[in-house]
Amino acid sequence: MQHIILASQSPRRKMLLEWAEVPFEVIVKPTDESFPAEMPVEEVPVHIAKEKAMTVRKYVQDAYHGEYADRAILAADTVVVLNTEIIGKPNDRDHAIEILKKLSGQTHQVITGVVILSGESEMSFADITEVQFHPLTEEQIIFYVDKYQPYDKAGAYAIQEWIGVVGIQSIKGDFYNVMGLPVSRVVKALQRL
């Protein structure tokens, strides 16, 4: 597989691509992550991923004058949705605790939007995984937040950390999607390109 550009700083996305042995380099540019208020929740992460991919494509074209023109650009964005509310990254410790209290004993969706740009081609999709938490005690939530500081994670948790191991009752869908990238689906899409 040819080298791609990963338009994401996520250490989890990097790790998953490494596990899949997809050669890549990271190029990230600041991107507007706002979206129209009336946009359906399942379209939001695709919209944001497309903004990330387009921003990086423009940067690469301007800065490298076509040097990377043959490289596919992969961008992704993950949101956590409880009922119809998008739960983003926590602002601070108190917010992280509040988010996890909301998720406790509930089933929520993790939606990752993926956009791949290659030449004039564009491929996009959203992958949805349902995650159900056991009821969590306040002590468990505080322990997790204080030890793991999940401030850079949508929904204030990472499934591969302690809270995922002890707190998740069931998962329906792609486990790796909850980590931030439905990697097997991405690899298939890259092979099609």
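The values are calculated or read from the model by the stated rules, or taken from the named source; none is laboratory data. In this text, all values refer to a predicted model and were calculated from it rather than measured experimentally. Cβ coordinates were reconstructed from backbone atoms using ideal geometry, including for glycine residues, and neighbour counts include every protein chain displayed.
Counting the residues of segment 129-169 that are crowded, with 16+ Cβ neighbours inside 10 Å and within 17 Å of the chain's Cα centre (by Cα) gives 11. Of the residues that make up segment 170-177, is at least one touching a helix residue (DSSP H, G or I) at 6+ places or on another chain (Cβ under 7 Å), among the aromatic types (Phe, Trp, Tyr) and more than 17 Å from Gly113 (Cα to Cα)? No, segment 170-177 contains no residue that is touching a helix residue (DSSP H, G or I) at 6+ places or on another chain (Cβ under 7 Å), among the aromatic types (Phe, Trp, Tyr) and more than 17 Å from Gly113 (Cα to Cα). Kindly establish whether Ser34 is in contact with a Pro (Cβ under 7 Å, 6 or more places away or on another chain), hydroxyl-bearing (Ser, Thr, Tyr) and more than 17 Å from Asp127 (Cα to Cα). Judged against the criteria, Ser34 is not a match.
Of all residues in segment 149-178, those being farther than 22 Å from Glu139 by Cβ, modelled with pLDDT of 95 or more and assigned to a helix (DSSP H, G or I) number 4. Of the residues making up segment 30-78, those that are farther than 23 Å from Ser184 by Cβ, modelled with pLDDT under 95 and charged (D, E, K, R) are Asp32, Glu33, Glu38, Arg57, Lys58, Asp62, Glu67, Asp70. Check whether at least one residue in segment 30-38 is hydrophobic (A, V, I, L, M, F, W, C) and within 30 Å of Val110 (Cα to Cα), and report yes or no. Checked segment 30-38: at least one residue is hydrophobic (A, V, I, L, M, F, W, C) and within 30 Å of Val110 (Cα to Cα). For segment 69-90, filtered to residues that are in contact (Cβ under 8 Å) with a residue 40 or more places away in the chain and not hydrophobic (A, V, I, L, M, F, W, C), the residue that is farthest from Glu33 (Cα to Cα) is Asp70. Pairs linking a residue in segment 46-68 that is surrounded by 18 or more Cβ atoms within 10 Å (Cβ to Cβ) to a residue that is at pLDDT 90 or above and polar (S, T, N, Q), with Cβ atoms under 8 Å and 6 or more positions apart or on different chains, are Val46/Ser124; Ile48/Thr31; Ala49/Ser124; Lys50/Ser124; Glu51/Thr31; Lys52/Ser8; Lys52/Thr31; Thr55/Thr31.
I'd like to check something: does segment 10-19 contain any residue that is modelled with pLDDT under 95 and part of a loop (DSSP other than H, G, I, E, B)? Reasoning before the result, please.
Initially, segment 10-19 is screened for residues modelled with pLDDT under 95, giving 10-12.
Pick out the ones that are also part of a loop (DSSP other than H, G, I, E, B) and you get 10.
Among the residues of segment 10-19, at least one is modelled with pLDDT under 95 and part of a loop (DSSP other than H, G, I, E, B), which makes the answer yes.
Residue-wise test of (1) of a type in the set (Asp, Glu); (2) touching a helix residue (DSSP H, G or I) at 6+ places or on another chain (Cβ under 7 Å); (3) buried (at least 23 other Cβ atoms within 10 Å of the Cβ); (4) on the phi > 0 side of the Ramachandran plot.
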{"site": "Ala75", "(1), (2), (3), (4)": "no, yes, yes, no"}
{"site": "Thr78", "(1), (2), (3), (4)": "no, yes, yes, no"}
{"site": "Asn83", "(1), (2), (3), (4)": "no, no, no, yes"}
{"site": "Ile86", "(1), (2), (3), (4)": "no, yes, no, no"}
{"site": "Pro90", "(1), (2), (3), (4)": "no, yes, yes, no"}
{"site": "Gly105", "(1), (2), (3), (4)": "no, no, no, yes"}
{"site": "Val110", "(1), (2), (3), (4)": "no, yes, yes, no"}
{"site": "Gly113", "(1), (2), (3), (4)": "no, yes, yes, no"}
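Checked against the criterion of being under 20 Å from the mean Cα position of the chain (by Cα) and among the hydroxyl-bearing types (Ser, Thr, Tyr), segment 79-99 contains one or more residues that satisfy it.
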